[in-house]
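S.K.: So that we are looking at the same thing, I have put the structure below in structure tokens.
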Amino acid sequence: MNWPHWIIVPVVLPLLAAGLLILVERHSLALARALSLAVTLALLPVSVYLMWHASSDQVEAYLLGNWRAPFGIALALDRLAALMLVLTAVIALAALLYARSGLDEKGPHFHTLFQVQLMGLNGAFLTADLFNLFVFFEVLLIASYGLLLHGAGAARLRASLHYVTFNLTASALFLIAVSMLYGITGTLSMADLAERIAGAGEDSAALIQAAGLLLLVVFCIKAALLPLYFWLPDTYGAATPPAAALFAIMTKVGVYAIARVYTLVFGEDGGVAAGLAQPWLAWLAVGTLLLAALGVLAARQLRSLVAYLVIASAGTLLLALGIGSEQTIAAGLFYMVPSTLVAAALFLLADRIAAARHVAGDALDGGGWNSPRERLGVLFFILAVSAAGLPPLAGFLGKAQLLAGATDTPVSVGAWASVLLSSLAMVIALSRAGSTLFWKGEQLGVRPLGSSGQQRLALTLLTVALLAAPLVARPLSSYTGATAAQLMERRGYLDAVLSKSPVPPAWDVREGMVKE
């Protein structure tokens, strides 16, 4: 396969797998598990390869149907898209390994829905077209509806009603905003849209700004930003552990969309819509962080606490985007990696802890590192340190860079206060949760856990990735710094997409007709 065609593999591979799995799952769960694992495992080296290629700082466009943009659909690979692909592949692999312990048997078509969700996530990160961003949003949301209901239960049904209602409303607003932009500019290619809005006159300024703000509302719903985050705690708390772990990256799609659209289309060179999100985003992020801090303190269940940690993570990322400097965006992208990994790991660990607690008639192991209290306790401690952003793990480095970049900005006081207070609240909440779960020995027992080797492998994968992050802090920081610079310099993206030429045909049908 030629190099450019690798760009489409993260979308096509799970799509083909989903089509096969919907037939295979009816007859053989073992075969479905093997196929789903093979595809998910293959996505990891493909994503790493694409990330390596993107590190050359060249934006690569791929023309679907071989039609030049903006007349055809285009995909675009840059540093940010590649980073999101790798992060998705790692979390998806861990979530799938955990599900193979028996959780995938609790409802129909788990593996099909899982692959459809991966297709939607990867497509959203790669698309260079605003309408197809909407399409991939809908694909991943439809799959997430099924994954949320997987295993049934009253709590999941109740949470799904709120989740579906919120997201259907967001989808309707998204479609309205897209229609307005198309009616004004006649295009939905993000690169072409950026150029046309930059040259738009004052007569269309109000409509363009209204459409841009509607998009901001939609993306804030997806990213769970104040005041549109109320659907998330119940939804993520009710989902099965592997689904909740995968949902940890789904929230970042909203963050990604804000980063992409509000630097490319509505950035400093956006003409009548320049800096559209800047007056709003930073202060909304500050409020989100403060309310997330109250949420983690009020949480009485570990899964609810982790759900509020996801909101705090999204708030921190959006604060970095709201301040809008190259330094803060780089810090936010750096912080995104460990914060997403730790949220996914904590959702899985919460299930392991729940399986070992309140087991009547089972005695604790006799102490030592073979005891479930010690094993789970040490793992919980590592993840808690990372989630709270304490040294020496990478979350601390990301927050420190963000605070350094927030100094001498109009929101410096709010940024410092919200980040530090939310971190303090996380330390208190996680310390309280740890003492409740592991210092009361009578509550932690031993129970066989299905195929627990797969569960331990999933948690080990995420924990090793978290522990490795500070060891590779320098290259990761260099990568995210270059990613922020690439985002702020939009010309490279515009030129790559709009100047991409269709591939010449291997055989010209017109010549054959003349010869005949």
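The values are calculated or read from the model by the stated rules, or taken from the named source; none is laboratory data. Everything numeric in this text was worked out from a predicted model, so none of it was measured. For neighbour counting, all protein chains shown are included, and Cβ atoms are generated from backbone atoms with ideal geometry for every residue, glycine included. Quick note on the areas: whole protein, heavy atoms, side chains included, nothing else; ligands and nucleic acids left out. Shrake-Rupley method; radii C 1.70, N 1.55, O 1.52, S 1.80 Å.
S.K.: Can you list the HN-Hα couplings for segment 276-292, worked out from phi with the Karplus curve (6.51, -1.76, 1.60; θ = phi - 60°), rounded to whole Hz and with x for Gly and Pro?
M.R.: Listing the rounded values in order: 4, 8, 4, x, 9, 5, 5, 6, 5, 5, 4, x, 4, 4, 5, 6, 5 Hz.
S.K.: How many angstrom lie between the Cα centre of segment 464-490 and the Cα centre of segment 163-236?
M.R.: Here the two parts' Cα centres lie 28 Å apart.
S.K.: Can you give me the relative contact order of segment 22-122 as a percent, contacts being Cα pairs under 8 Å and 6 or more apart? Provide the component values of the computation, followed by the final result.
M.R.: Values: 80 pairs, mean separation 30.9, N = 101.
Normalised by residue count, the contact order of segment 22-122 is 31 percent.
S.K.: Summarise the accessible area of the chain (1.4 Å probe, protein heavy atoms) by the percent that is carbon and sulfur.
M.R.: Numbers: 13370 of 20190 Å².
Carbon with sulfur: 66 percent of the solvent-accessible area.
S.K.: How many Å² of accessible area per residue for segment 198-341, probe 1.4 Å? Walk me through the numbers on the way to the answer.
M.R.: Details: 3830 Å² over 144 residues.
With all protein chains present, segment 198-341 gives 27 Å² per residue.
S.K.: By accessible area of protein heavy atoms, probe 1.4 Å, what ranking do Thr316, Thr169 get, highest first? Don't skip to the end; give the middle numbers.
M.R.: Values: Thr316 5, Thr169 75 Å².
From most exposed to least exposed: Thr169, Thr316.
S.K.: Further, regarding this structure: Restricting everything to alpha-carbon atoms, can you work out Rg to Rh for the chain with a Kirkwood hydrodynamic radius? Show your work: numbers first, answer last.
M.R.: Values: Rg = 23.0 Å, Rh = 23.4 Å.
Using only Cα positions, Rg/Rh for the chain is 0.98.
S.K.: Still on this structure, I have one more. Quote the relative contact order of the chain in percent (integer), defining contacts as alpha-carbon pairs under 8 Å separated by 6+ residues. Could the numbers behind the result be given before it?
M.R.: On the way: 803 pairs, mean separation 90.3, N = 516.
Here the relative contact order equals 18 percent.
S.K.: Grab the beta carbon distance between Glu326 and Asp495, set R0 = 22 Å, and tell me the FRET efficiency rounded to 0.05. Spell out each step's value before the answer.
M.R.: Details: r = 20 Å, r/R0 = 0.91.
Efficiency at R0 = 22 Å is approximately 0.65.
S.K.: Just add up the charged neighbours of Asn167: K/R +1, D/E -1, any other residue whose Cβ is under 14 Å from the Cβ of Asn167.
M.R.: Values: positive: Lys222; negative: Glu138, Asp234.
Within the 14 Å Cβ shell, the charges total -1.
S.K.: Run the numbers on segment 277-341 and let me know its relative contact order in percent, using alpha-carbon pairs under 8 Å that are six or more apart.
M.R.: Computed over segment 277-341, the figure is 39 percent.
S.K.: Quick one: which residues, 5+ away or cross-chain, put their amide H under 5 Å from the amide H of Ala200? H built at 1.01 Å from N.
M.R.: When sequence neighbours closer than 5 places are left aside, the close amide H contacts are Val272.
S.K.: Provide the per-residue ³J(HN,Hα) series for segment 483-495, in order, calculated from phi with Karplus coefficients 6.51, -1.76, 1.60 and θ = phi - 60°, each as a whole number of Hz, with x at glycine and proline positions.
M.R.: Karplus-based 3J(HN,Hα) across segment 483-495 equals 5, 4, 4, 5, 5, 6, 9, 6, 4, x, 5, 4, 5 Hz.
S.K.: Continuing with the same structure: Taking N as the number of residues in segment 41-128, what is its Cα Rg relative to 2.2 N^0.38 Å? Present the calculation step by step, with values, prior to reporting the outcome.
M.R.: Values: Rg = 15.3 Å, N = 88, 2.2 N^0.38 = 12.1 Å.
Rounded to two decimals, the normalised Rg is 1.27.
S.K.: I'd like to check one number: the per residue accessible area of segment 62-176, probe 1.4 Å, reported in Å² as a whole number.
M.R.: Result: 32 Å² of accessible area for each residue.
S.K.: At a Förster distance of 30 Å, what's the computed FRET efficiency of Asn66 paired with Ser171, Cβ-Cβ distance as r, to 0.05? Can you show the working numbers first?
M.R.: Details: r = 30 Å, r/R0 = 1.00.
About 0.50, to the nearest 0.05.
S.K.: Summing +1 for each Lys or Arg and -1 for each Asp or Glu, what net charge is found among the other residues whose Cβ lies under 15 Å from the Cβ of Ser313? Write out the running numbers ahead of the final one.
M.R.: Values: positive: Lys222, Lys252, Lys399; negative: none.
That works out to +3.
S.K.: Work out the count of Lys pairs in the chain where the Cα-Cα distance is under 28 Å, with the pair 8 or more places apart or on different chains. Walk me through the intermediate numbers first.
M.R.: Numbers: Lys106/Lys222; Lys106/Lys252; Lys222/Lys252; Lys222/Lys399; Lys252/Lys399.
Lysine pairs, 8 or more places apart or on different chains, close enough: 5.
S.K.: Can you run phi through the Karplus equation (6.51, -1.76, 1.60; θ = phi - 60°) for segment 317-328 and list ³J(HN,Hα) in whole Hz, with x for Gly and Pro?
M.R.: Once rounded to whole Hz, the list reads 5, 6, 5, 4, 6, x, 5, x, 7, 4, 5, 6.
S.K.: Rounded to the nearest 500, what is the 222 nm mean residue ellipticity of the chain from helices alone, with -39500 (n - 2.57) per DSSP H run of 4+ residues and division by all residues? All intermediate terms of the calculation are to be shown ahead of the outcome.
M.R.: Details: 20 runs with 373 residues, N = 516.
Dividing the helical sum by the residues of the chain leaves -24500 deg cm²/dmol.
S.K.: Could you work out how far apart the two model spin labels at Ala298 and Glu138 are, taking each label as a point 7 Å from the Cα in the direction of the beta carbon, and quote it in nm?
M.R.: 3.5
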